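The values are calculated or read from the model by the stated rules, or taken from the named source; none is laboratory data. What you see is a predicted model, and the numbers here were worked out from it, not measured in a lab. FYI the Cβ positions are ideal-geometry reconstructions off the backbone, even for glycines, and counts take in every protein chain you see.
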Amino acid sequence: MPLHLSSGGDFTPYVRFMASTSTWEMNADGERKSFTFTKAIADLANINEGWGLMAEGEAPQWQWDSADNDWLKKPGEGEWRRGISVMFYAPKMFGDEEPTREFSTTGTGACMGIEALYAEYEASVGNNLGKVPVVEFQGAEGVKVGKGRTAVPKLKIVSWVDRPDAMDGDAEEVAPPPPAAPVAPASTAAPGDDSDGF
């Protein structure tokens, strides 16, 4: 699986969930700007999970779990934390120039949100083979974590669509998990229906 990491001093186009305000940011023209997250295709078949080291103003460092090093041990010294990376595709929301953006985080609330989303994905992907999920942001929920609190983004699969060709530039196809017991298929957008808004 590719690591979607920046090379040199350039940052990969990204989005961030700001738990303190339950809002979203993305990079644009060398700056961070707020935006309203509505719907996006989530490349959950190619999600990465592992250890991340993030420092303000520096490119994140990641060491991903894999079939060869499943549940990799914490790498070395520093503030390494468990985290994820998933690609979102939404030309209407992100713009045509950078329609695919990386959501990588070690934030507790954000990781909890993606964990719940991935569980929903695993439960329904078997009935939607060859499709990718359209995910809607449905607000955030405050939760108690240890002695503090955080916000968990509520991300919900609202439909399944054909994988856009534009997402295949860097992503490696990964076979989905084997089909689960039969369940009712998720809704799909009707031809010509632009309700998904990405």
Legend entry - Verdict on Tyr118 being touching a Pro at 6+ places or on another chain (Cβ under 9 Å) and modelled with pLDDT of 90 or more: no
Legend entry - Selection from the stretch 91-113 of residues that are β-branched (Val, Ile, Thr) and out of contact with any Phe, Trp or Tyr (no Cβ under 8 Å at 6 or more places or on another chain): Thr106, Thr108
Legend entry - Residue count for the stretch 75-89, restricted to those that are more than 12 Å from the chain's Cα centre (by Cα) and surrounded by 15 or more Cβ atoms within 10 Å (Cβ to Cβ): 3
Inset, instruction - Kindly list, by first and then second residue, each pair from a residue in the stretch 78-95 that is within 24 Å of Asp162 (Cα to Cα) and in contact (Cβ under 8 Å) with a residue 12 or more places away in the chain to a residue that is surrounded by 21 or more Cβ atoms within 10 Å (Cβ to Cβ) and among the hydroxyl-bearing types (Ser, Thr, Tyr), limited to pairs with Cβ atoms under 6 Å and residues at least 6 apart or on different chains. - result: Ser85/Ser104; Met87/Thr100; Tyr89/Thr100
Legend entry - Test: residue in the stretch 67-82 that is modelled with pLDDT under 95 and part of a strand (DSSP E or B): yes
Inset, instruction - Sort out for me the strands (runs of 3 or more DSSP E) sitting completely within the stretch 1-66 that have 3 or more residues that are under 30 Å from Lys131 (Cβ atoms) and modelled with pLDDT of 80 or more. - result: 15-18, 23-28, 39-42, 48-53
Legend entry - Which listed residue is over 22 Å from the mean Cα position of the chain (by Cα), at pLDDT below 95 and surrounded by 12 or more Cβ atoms within 10 Å (Cβ to Cβ), from Ala180, Ala186, Ala166, Ala190: Ala180
Inset, instruction - Determine which single condition Val134 fails, assuming it passes every other condition in (1) at pLDDT 95 or above; (2) within 30 Å of Leu53 (Cβ to Cβ). - result: (2)
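Here's the yes/no breakdown for (1) without any contact (Cβ under 8 Å) to a residue 12 or more places away in the chain; (2) surrounded by fewer than 19 Cβ atoms within 10 Å (Cβ to Cβ); (3) outside any helix (DSSP H, G or I):
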{"position": "Gly109", "(1), (2), (3)": "no, no, no"}
{"position": "Glu120", "(1), (2), (3)": "no, yes, no"}
{"position": "Pro133", "(1), (2), (3)": "no, no, yes"}
{"position": "Glu141", "(1), (2), (3)": "no, yes, yes"}
{"position": "Pro153", "(1), (2), (3)": "no, no, yes"}
Legend entry - the stretch 122-131: number of residues that are farther than 18 Å from Lys39 by Cβ and assigned to a strand (DSSP E or B): 0
